[in-house]
Amino acid sequence: MARQRASELQLNENELVMTRGELNALRDQIFVLRCAIDDVERDLDPNVDPTTRDYRAALKWLLEAAKPVVAEPLRPSHRP
């Protein structure tokens, strides 16, 4: 079905159709992940001498931010 729809829209194999809502949701998830990375880099600055608790909190926050990004694979939208 996806190949048929791609053919109808004259897309090549390097193009993907996403709804604006899907794209916005992905961008939001990437923004949260980027913020988490910035937070972790700041919180685990070696000059601050982070504790084991700091590392655990940073890892937890990073995982919470990353999981939604990888939870659903990108696939063609069913809507044009």
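The values are calculated or read from the model by the stated rules, or taken from the named source; none is laboratory data. Since this is a predicted model, take the numbers as computed values, not measurements. Virtual Cβ from ideal backbone geometry, glycine too; neighbours counted across all protein chains shown.
Consider only pairs whose beta carbons are under 8 Å apart and that are at least six residues apart or on different chains; among these, list those whose first residue lies in segment 45-61 and is without any contact (Cβ under 8 Å) to a residue 60 or more places away in the chain and whose second residue is not in a helix (DSSP H, G or I).
Going by the 8 Å Cβ cut-off, the qualifying pairs are Pro50/Leu44; Asp54/Leu44; Tyr55/Leu44; Ala58/Leu44; Ala58/Pro50.
Could you please give the count of residues in segment 6-20 that are exposed (fewer than 11 other Cβ atoms within 10 Å of the Cβ) and in a helix (DSSP H, G or I)?
Number satisfying all stated conditions: 3.
Suppose we keep only residues that are assigned to a loop (DSSP other than H, G, I, E, B) and acidic (Asp, Glu) within segment 21-80. Which one would you say is farthest from Glu8 (Cα to Cα)?
Among residues in segment 21-80 that are assigned to a loop (DSSP other than H, G, I, E, B) and acidic (Asp, Glu), the one farthest from Glu8 (Cα to Cα) is Asp49.
So if I check each of Leu33, Leu23, which one is at pLDDT 85 or above and under 14 Å from Ala66 (Cα atoms)?
Going through Leu33, Leu23 in turn, just one is at pLDDT 85 or above and under 14 Å from Ala66 (Cα atoms): Leu33.
Out of curiosity, is Pro68 surrounded by 10 or more Cβ atoms within 10 Å (Cβ to Cβ), touching a residue at least 24 places away in the same chain (Cβ under 8 Å) and not hydrophobic (A, V, I, L, M, F, W, C)?
So Pro68 passes the test.
Each row is one residue, and each column tells you yes or no for (1) within 22 Å of the chain's Cα centre (by Cα); (2) among the acidic types (Asp, Glu); (3) at negative phi.
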| residue | (1), (2), (3) |
| --- | --- |
| Asn24 | yes, no, yes |
| Arg27 | yes, no, yes |
| Ile30 | yes, no, yes |
| Asp43 | yes, yes, yes |
| Asp49 | no, yes, no |
| Arg53 | no, no, yes |
| Arg56 | yes, no, yes |
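Each row is one residue, and each column tells you yes or no for (1) out of contact with any Lys or Arg (no Cβ under 9 Å at 6 or more places or on another chain); (2) surrounded by 11 or more Cβ atoms within 10 Å (Cβ to Cβ); (3) of a type in the set (Gly, Ala, Ser).
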{"site": "Gln4", "(1), (2), (3)": "yes, no, no"}
{"site": "Ala25", "(1), (2), (3)": "yes, yes, yes"}
{"site": "Gln29", "(1), (2), (3)": "yes, yes, no"}
{"site": "Ile37", "(1), (2), (3)": "yes, yes, no"}
{"site": "Val40", "(1), (2), (3)": "yes, yes, no"}
